[in-house]
Amino acid sequence: QVQLVESGGGLVQAGGSLRLSCVASGDILGISAMGWYRQAPGKQRELVAKITSGGSTNYAVSVKGRFTITRDNAKNTLQMNSLKPEDTAVYYCNADVIRRSTRSRGDYWGQGTQVTVSL
């Protein structure tokens, strides 16, 4: 099995910063990409940031310049600066994993961590 464990969510004031972390473990041969999605109540889940094994990154337009994703093997970190109330959502870690036991590819998700940005 593959597990993604997230940490770092919480309540911050607008303009503040928060750092999310995600650690992948389990039946992993490799991780092609890791990233974060978020979902606010009544809204569609959206990509926040993604980083590939080669270091290429992809950001939502709404967070570009404010958020930075980095990765160290099976751990990734999302540094969130200049937070806005519209960043409030449940943030989910995501990993594109190659399973060691089967050599198959799968998309795995963390349990989600709440980020709330107040005025």
Å² of accessible area per residue within the chain, as computed with a 1.4 Å probe and no ligands counted: 52 Å²
In sequence order, calculated HN-Hα J values of segment 104-119 (Karplus, 6.51, -1.76, 1.60; Hz; x Gly/Pro): 9, 9, x, 9, 10, 10, x, 7, x, 9, 7, 10, 10, 10, 9, 6
Find the relative contact order for segment 13-108 and round it to a whole percent, using C-alpha pairs within less than 8 Å whose residues are 6+ positions apart. 39 percent
Protein-only accessible surface order, largest first, of SER62, SER101 at 1.4 Å: SER101, SER62
Report ³J(HN,Hα) in whole Hz for each residue of segment 39-47, in order, from the Karplus equation J = 6.51 cos²θ - 1.76 cosθ + 1.60 where θ = phi - 60°; Gly and Pro get x. 9, 8, x, x, 10, 6, 5, 9, 5
Tell me, what ³J(HN,Hα) does each residue in segment 88-100 have, in order and in whole Hz, if you take phi through Karplus 6.51 cos²θ - 1.76 cosθ + 1.60 with θ = phi - 60° and put x for Gly and Pro? 4, 4, 8, 9, 10, 6, 9, 9, 8, 10, 9, 6, 5
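Report the net charge of residues surrounding TRP36, where surrounding means a beta-carbon distance below 12 angstrom and charges are Lys +1, Arg +1, Asp -1, Glu -1.
Residues near TRP36 contribute +2 overall.
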Straight-line reach only, C-alpha to C-alpha below 17 angstrom: list the aspartates and glutamates that LYS75 could link to, leaving out same-chain residues fewer than 8 apart. GLU6, ASP27, ASP96, ASP107
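The values are calculated or read from the model by the stated rules, or taken from the named source; none is laboratory data. Just so it is clear, the model here is predicted, and its values are computed rather than measured. Methodologically, a virtual Cβ is constructed for each residue, glycine included, from the backbone with ideal geometry; neighbour enumeration extends over all protein chains shown. Calculation scope for accessible area: heavy atoms of the full protein, side chains included, ligands and nucleic acids excluded. Shrake-Rupley method; radii C 1.70, N 1.55, O 1.52, S 1.80 Å.
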